[in-house]
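Visitor: Here it is, the structure in full.
The values are calculated or read from the model by the stated rules, or taken from the named source; none is laboratory data. Just so we're clear, the structure is a prediction, and the values are computed from it rather than from any experiment. FYI the Cβ positions are ideal-geometry reconstructions off the backbone, even for glycines, and counts take in every protein chain you see. Heavy atoms of the whole protein, side chains included, go into the accessibility calculation; ligands, DNA and RNA do not. Shrake-Rupley method; radii C 1.70, N 1.55, O 1.52, S 1.80 Å.
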Amino acid sequence: MNQFNKDIRKYTIILLFCAYHDTKYELSLYGMNKINTLGEISVVIATALMSAFLLTACGSQSSSSSKQSSSQTSSKSFAKSSSSKKQSAASSSSSSLKQSASSSSNSSAKASSTAKTTKVDDKTAGVMLMLLVEPDYLKQYIGNDYFCYSPAGENLLTDGGATTADYSYLTANGDPTSFLYYKVDGNTVTYKMWMVSDSGIVADGHFETKTVSLSTLENDYYVTQSQKDEVNGYVSQLKSESDYLNQNK
């Protein structure tokens, strides 16, 4: 804009200079036409000044429009930036809330799943295990005086107790195949059963050891009230192995 004003002043001086010299030339030639020439000079000067004024005004208006446009553009950019930041913040907040809700939901689901697993006693674990491996045997002999429970280490029978010393067992007190040995370690239930030989001879058999999770037994046999009633009913009918052995010495 400063350069534009300088150009206006320069062109105005040139016009005045030309008008002045033109006047001198006409005075020397026409003499008596001096007055008319001076009038023409006045017109030229007035025209030049008016042109300069208009050009200056146009330049100022153009500068003002440019500044206003720049200001509006800056305001729009700021508004867009502000709106974008608000949207980003809202999106981030929404994402955090969703993650928090998802985490809370997962925690609740885990807590619910854990709550379903009930810590049962050793007898109940043994009955559920027998429902898994020998359900018919359990249902056939439960309630008889010889169907008994023995806690770990109390009654050592097979091999002098060398392989079953830390195992509880359920039995109908028949041959070795009638014993179900087991022990609960946290969520793991390890159990042993005597397997007859390939030729069908019990004495030539061997122990077979397997494991199952306590939570699996509970989920399969101890969830509904009817299941709990059935298992607890079997548990209540178990006799003491020590009492049975003492009575049958």
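Visitor: Would you mind working out the accessible area per residue for the range 151-249, using a 1.4 Å probe, and quoting it in Å²?
Guide: 53
Visitor: Of the peptides 239-249, 129-139, how do they stack up when ordered by the mean number of other Cβ atoms within 10 Å, highest first?
Guide: Top to bottom by mean Cβ count within 10 Å: 129-139, 239-249.
Visitor: Which entries of 139/239; 123/239; 139/183; 119/192; 123/192; 123/183 have Cα-Cα distances beyond 20 Å here?
Guide: Those over the limit are 139/183; 119/192.
Visitor: Describe numerically, in nm with one decimal, the distance between label points set 7 Å from Cα along Cα→Cβ at residue 223 and at residue 210.
Guide: Placing both labels 7 Å beyond Cα along the Cβ direction yields 2.1 nm.
Visitor: Using only C-alpha atoms and all pairs of different ones, pull out the Kirkwood radius for the range 125-224 in Å with one decimal.
Guide: 14.1
Visitor: How many percent of the accessible area of the range 178-249 is carbon or sulfur, using a 1.4 Å probe?
Guide: Of the solvent-accessible surface of the range 178-249, carbon and sulfur hold 46 percent.
Visitor: Taking amide H positions as placed 1.01 Å from N in the peptide plane, with prolines and chain starts having none, which residues 5 or more places from residue 222, or on another chain, fall under 5 Å of its amide H?
Guide: Excluding prolines and chain starts, which carry no amide H, there are no hits.
Visitor: Roughly how many nanometres apart are two label points built 7 Å out from the Cα toward the Cβ at residue 198 and residue 122?
Guide: Calculated label separation equals 3.8 nm.
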